[in-house]
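Below you'll find the structure, written out as structure tokens, and then a few comments.
The values are calculated or read from the model by the stated rules, or taken from the named source; none is laboratory data. Since the model is a prediction, treat every value here as computed from it, not as a measurement. Neighbour counts run over all protein chains shown; Cβ positions are idealised from the backbone, glycine included. Accessible surface is based on the protein model in full, side chains and every heavy atom, while ligands, DNA and RNA are left aside. Shrake-Rupley method; radii C 1.70, N 1.55, O 1.52, S 1.80 Å.
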Amino acid sequence: SGDQPEVRKGLAGVVADVTAISKVDPETNSLLYRGYPVQDLAATQPFEAVAWLLWHGDLPTADELAGLRAVEREHRALTDDVRAAIDLLPTSAHPMDELRTAVSVIGAREVAGLSALEAAADPDETVARSARLFGALPAVVAYGQRRRRGLELVEPRDDLDFSANFLWMTFGTEPAPVVVDAFNRSMILYAEHSFNASTFTARVVTSTLSDVHSAVVAAIGALKGPLHGGANEAVMDTFAEIGSADAVPGWLDDALASKRKIMGFGHRVYKRGDSRVPTMKAALDTLVEHYGRADLAALYDALEAEFVERKGIYPNLDYPSGPAYHLMDFDTPTFTPLFVAARVTGWTAHVAEQQAANALIRPLSRYVGPERREVPTAAES
Ligand code: SDX
């Protein structure tokens, strides 16, 4: 009836709360982290400094950055309990399910012996736990890929910073500076994006006074979906399916005829292009040059040009990041875990902010089922 509040499916266009962490602006097609343009951060900062910025609101002093680097190094090695939990899973388990399991083990250990209320912690303790988790995730992602390739675990190296060490633990070789830079940029670009589905999931879990690891496990579940983080994995599957640039028009005819979603394109908020794409595309271009993969660049450009021309739908961050991770030699199912290793900083900044807000998130629904007055007496058996 007229007086009932309007149903807003998918909460599209609904401003659910305020945040001081990031500003996604489709009008100017821009993204700010605590007020700084993301492309400037990606061009000048190590990812560790951006993690600090998201958690604390300002870029770190030299001492603060050194302190975070020490904590991150302290938690880099894969712990026996996490390794045992992953080894319980078949190597065919999805890497996002491995990661979700690892966070579950880490979280259970962190708050063992505490009641739910005691485990809820305050924003400062949440940030401390989050810095430890930030340090621990790369080893889990690296171990998962090596396990699937039948390779031995590679121990972390304290002489390497976050991004270089992540690549070292995954491939067991000293990464080239151009690869480290591209990886570092991807981490910064993936770190935070206001109330996207996985971040909002983390806030909903936090709003009941649950703990930060429970919120991250839930967020990983949300990010796995191909409409969200899982899209970067799907972009490479699409490229493999198309094969080469000249096959794009025909492939797109069929895909659009069967109403397929073309992964890596479109966005709920950005409608004229994703503000992060130019920076990630520039990083991809350096990798295409480094690895001599003009064929991949041609396929990338052909699909983008054709799809934009036909549907007026633009690439999102997953479109350039998929091929970039592929060129770095990450297995396709490992791509979304890389997104987690970055987004865990944004998720946990929102957890701390939600804790300070301390307001249960619980929307209404409109019932459209039957009205039945009487329960029938039990049928004669
Ligand atoms: C991320 O929210 C965030 O900020 C997320 C993220 C972050 O940093 O956290 O940016 C990360 O998740 C990026 C998005 C990755 N997902 C994909 O690449 C999957 C493919 N994209 C689509 O599923 C879609 O674009 C969404 C889900 C991302 C957004 O869709 P909306 O805003 O809900 O809009 P819609 O799905 O209703 O699309 C509007 C129209 C539809 O056509 P009609 O049914 O009205 O005729 O555009 C079409 C859609 O079919 N459309 C697409 C399309 N995206 C939109 N058609 C084909 N392929 C696409 N990719």
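Of note:
- Residue among HIS228, HIS213 that alone is of a type outside the set (Lys, Arg), in contact (Cβ under 8 Å) with a residue 12 or more places away in the chain and assigned to a helix (DSSP H, G or I): HIS213
- The selection criterion, being in contact with a Phe, Trp or Tyr (Cβ under 6 Å, 6 or more places away or on another chain), over 25 Å from ALA142 (Cβ atoms) and β-branched (Val, Ile, Thr), does not hold for ILE188.
- When the helices (runs of 4 or more DSSP H) confined to the stretch 58-156 are screened for residues that are closer than 30 Å to SER22 by Cα, open to solvent by less than 40 Å² (accessible area, probe 1.4 Å) and not basic (Lys, Arg), those reaching at least 3 such residues are found at 62-74, 95-110, 123-148.
- Here VAL204 fulfils each of the conditions (1) over 29 Å from ASP25 (Cα atoms); (2) surrounded by fewer than 23 Cβ atoms within 10 Å (Cβ to Cβ); (3) of a type in the set (A, V, I, L, M) apart from (1).
- Here ALA247 clears all of (1) surrounded by 17 or more Cβ atoms within 10 Å (Cβ to Cβ); (2) more than 14 Å from the ligand (Cβ to nearest atom) except the condition numbered (1).
- Yes/no for LEU364 being more than 16 Å from the ligand (Cβ to nearest atom) and either surrounded by 10 or more Cβ atoms within 10 Å (Cβ to Cβ) or within 26 Å of LEU227 (Cα to Cα) (or both): yes
- Whichever residue in the stretch 262-276 is among the small types (Gly, Ala, Ser) and farther than 13 Å from VAL24 by Cα and, among such residues, is nearest to the ligand (Cβ to nearest atom): GLY266
- Residue match in the stretch 326-349 (condition: within 30 Å of ASP122 (Cα to Cα), within 16 Å of the ligand (Cβ to nearest atom) and of a type in the set (Lys, Arg)): yes
- Close Cβ contacts (under 8 Å, 6 or more residues apart or on different chains) running from residues in the stretch 132-155 that are on the phi < 0 side of the Ramachandran plot and at pLDDT 95 or above to residues that are in a loop (DSSP other than H, G, I, E, B) and open to solvent by less than 20 Å² (accessible area, probe 1.4 Å) comprise GLY135/ARG76; ALA136/ARG76; PRO138/ARG76; ALA139/ARG76; GLN145/PHE330.
- Residue match in the stretch 212-227 (condition: near the ligand (Cβ under 7 Å from one of its atoms), at pLDDT below 95 and under 19 Å from the mean Cα position of the chain (by Cα)): yes
- Residues (of a type in the set (D, E, K, R) and over 24 Å from VAL127 (Cβ atoms)) located in the stretch 3-39: ASP3, GLU6, ARG8, LYS9, ASP25, GLU27
- Hits in the stretch 250-268 (condition: surrounded by 15 or more Cβ atoms within 10 Å (Cβ to Cβ) and closer than 16 Å to ASP318 by Cβ): ILE262, MET263, GLY264, PHE265, GLY266, HIS267, ARG268
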